Amino acid sequence: MKFVLDGEHLLFAESLHKLLDRSDTPTAIRAWSAGDHGPGRRVWRSLAEAGVFALAVPEEHDGAGVLPVELVTAVHELGRHAVPGPVAETVAAAALLASVGGDAAATWLPRMAAGEAMATVARPYALDADAADLVLTVENGELHQAEPAGEARPSLDPARRLFGVTAARSLGKATESALDLGTLACAAQQMGVGRRLLEVSVDYAKTRHQFGRPIGEFQAVKHHLANALVELEFARPLVHAAALSYGTDDFPRDVSAAKAAASEASYTAARIALQVHGAIAYTAEYDPSLWIRKARALYSAWGSPSDHKARLMTLL
């Protein structure tokens, strides 16, 4: 089976790409890292106006319905531009609230679809709990509203601020598929991060000269870039397959396959970006470093490749 996005998906992705290109996400990322959420929240509001967050919200709560393929398409672009904030966590929170229903869903889901509320889920730490309007945690199969506890924990990505949480009131029984939707969103985000790192590495290899030639003419550099492309292209259909299997018994298996492959592909792209760019890629002032750090942090977020490979073996 060949997984190819149709014309509407491609047009949607291109419109988000142009929107985020105008949004200056590197500035928003650096502000977010310093604790200033204003620029990042403005980016989130513009994405909500484009309908991104409504893709994870049922129609009865003012959403577009849960549309996994469209959601994966959108989150890929968010990863490609390294949009700060709890992207996968908000997707998971929407799915969790929809699964428990009741007053919590009626209160929060319309606000999330409209971009008026940002949510996060502890896994086991809550990403950006200091910026989120709603913090959730799952304990013993129960969904709880929670509160941040203590100071932010260090992360490989300064724009990812992690907090412990304390569970407060129970909202109802949580479903595993809701958490799997968050995992799928993380995989799509990783694919976008990896794609951006490959793009900037190819561009750099065309312009950086060594021994009077662009370094992209050297076979060793070509091989590295080709390896990154191959890994990303092999992971992409797994992510799309998982989106297509949403709502079926195969969804948990396909999500784990997608997350394992996306983690390894984006990490390979980050490692090769470092090798191609050299020491400049380590500097905080150089924009690609923002994506490199995010790729490493997302590698183990929502389960590492070894975690998901072990799960795959169990499910198979």
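The values are calculated or read from the model by the stated rules, or taken from the named source; none is laboratory data. Everything numeric here is computed off the predicted structure, so don't read it as measured data. In this analysis, Cβ positions are derived from the backbone assuming ideal geometry, glycine residues included, and neighbour counts consider all displayed protein chains. Calculation scope for accessible area: heavy atoms of the full protein, side chains included, ligands and nucleic acids excluded. Shrake-Rupley method; radii C 1.70, N 1.55, O 1.52, S 1.80 Å.
Treating only the Cα positions of segment 142-234 as identical point scatterers, give the base-10 log of I(q)/I(0) from the Debye formula at each q in 0.17 Å⁻¹. The computed values of log10 I(q)/I(0) come out as -0.91. The chymotrypsin sites (Phe, Trp or Tyr not before Pro) of segment 207-287 that DSSP puts in a loop, and whose beta carbon has at most 12 other beta carbons within 10 Å, are PHE211. Radius of gyration over Kirkwood radius for segment 1-146, both on Cα atoms: the Rg/Rh ratio is 0.97.
Based on Cα coordinates alone, diagonalise the gyration tensor for the chain, multiply each eigenvalue by 5, take square roots, and list the semi-axes in whole Å, largest first.
Semi-axes from the Cα gyration tensor: 32, 21, 18 Å.
Rounding to the nearest 10 and keeping the result within 0 to 90°, find how far the Cα-based axis of helix 288-300 lies from the longest principal axis of the chain. The angle comes out near 50 degrees. Along the chain, counting only GluC sites (Glu not before Pro) with a DSSP assignment other than H, G, I, E or B and at most 14 other Cβ atoms inside a 10 Å radius, the longest segment between sites is 117-284.
Enter the accessible area per residue of segment 7-174 (Å², integer; probe 1.4 Å; all protein chains in place).
Accessible surface, normalised per residue, equals 40 Å².
Per-residue ellipticity at 222 nm computed for the chain from its helices equals -19500 deg cm²/dmol, with DSSP H segments shorter than 4 residues left out and the rest contributing -39,500 (n - 2.57).
Exactly which trypsin sites (Lys or Arg not before Pro) in segment 182-250 are in a DSSP loop and have at most 11 other Cβ atoms within 10 Å? Here no trypsin sites (Lys or Arg not before Pro) fit, given the DSSP loop and packing criteria. Just for the chain, what percent of DSSP beta bridges are antiparallel, to the closest 5? Percent antiparallel among DSSP bridges in the chain is about 85.
Per residue, the accessible area of segment 221-316 comes to 46 Å² when a 1.4 Å probe rolls over the protein heavy atoms.
Across VAL135, VAL230, VAL66, the residue with the most accessible area heads the list, and the full order at a 1.4 Å probe is VAL230, VAL66, VAL135. Computed from backbone phi with θ = phi - 60° and the Karplus coefficients 6.51, -1.76 and 1.60, the 3J(HN,Hα) list for segment 141-148 is x, 10, 8, 10, 6, 9, 10, x Hz; x is used for glycine and proline. Amide H to amide H distances under 5 Å link GLU142 with ALA174, where only residues 5 or more positions off or on other chains count and H is placed in the peptide plane. Each 5 Å bin from 0 upward holds the following percent of the Cα-Cα pairs of segment 1-48: 5, 20, 21, 17, 13, 10, 8, 5, 1, 0.
Amide hydrogen proximity for LEU162: with H placed 1.01 Å from N in the peptide plane, the residues at 5 or more positions away or on another chain lying under 5 Å are ASP128, ARG153.
Using the Karplus relation 6.51 cos²θ - 1.76 cosθ + 1.60 with θ = phi - 60°, the per-residue 3J(HN,Hα) values for segment 170-183 come to 6, 10, x, 6, 8, 10, 5, 5, 5, 5, 5, 5, x, 4 Hz, with x marking Gly and Pro. Computing Rg and the Kirkwood Rh from the Cα coordinates of segment 53-122 gives a ratio, Rg/Rh, of 0.95. Maximal additional length on extending the GLN219-ASP62 stretch stands at 51.2 nm, based on 0.36 nm per residue less the C-alpha distance. Contact order, relative form, for the chain: 17 percent (alpha carbon pairs under 8 Å, 6 or more residues apart, mean separation divided by residue count).
Computed from the C-beta positions of ASP250 and LYS206, the FRET efficiency with R₀ = 41 Å rounds to 0.50.
Taking ALA301, ALA119, ALA82 as the candidate residues, the one with maximal mean-square fluctuation in a Gaussian network model of the chain, Cα springs under 10 Å, is ALA301. Using alpha carbons only, how many degrees (0 to 90, rounded to 10) separate the axis of helix 38-49 from the longest principal axis of the chain? That works out to roughly 70 degrees. Between ALA117 and MET112, the built amide H atoms are under 5 Å apart, and every one of these is 5 or more places off in sequence or on another chain. Relative to the compact-globule estimate of 2.2 N^0.38 Å, the Cα radius of gyration of segment 178-315 comes out at 1.14.
Karplus-based coupling profile of segment 188-204, in residue order and whole Hz: 5, 4, 4, 4, x, 4, x, 4, 5, 5, 5, 4, 5, 5, 5, 4, 5, with θ = phi - 60° in 6.51 cos²θ - 1.76 cosθ + 1.60 and x standing for Gly or Pro. Charge dipole (Cα centre; +1 on Lys/Arg Cβ, -1 on Asp/Glu Cβ; no other charges) of the chain amounts to roughly 1140 debye. In this calculation the C-beta distance from ASP21 to VAL230 is compared with R0 = 30 Å, giving a FRET efficiency of 0.65.
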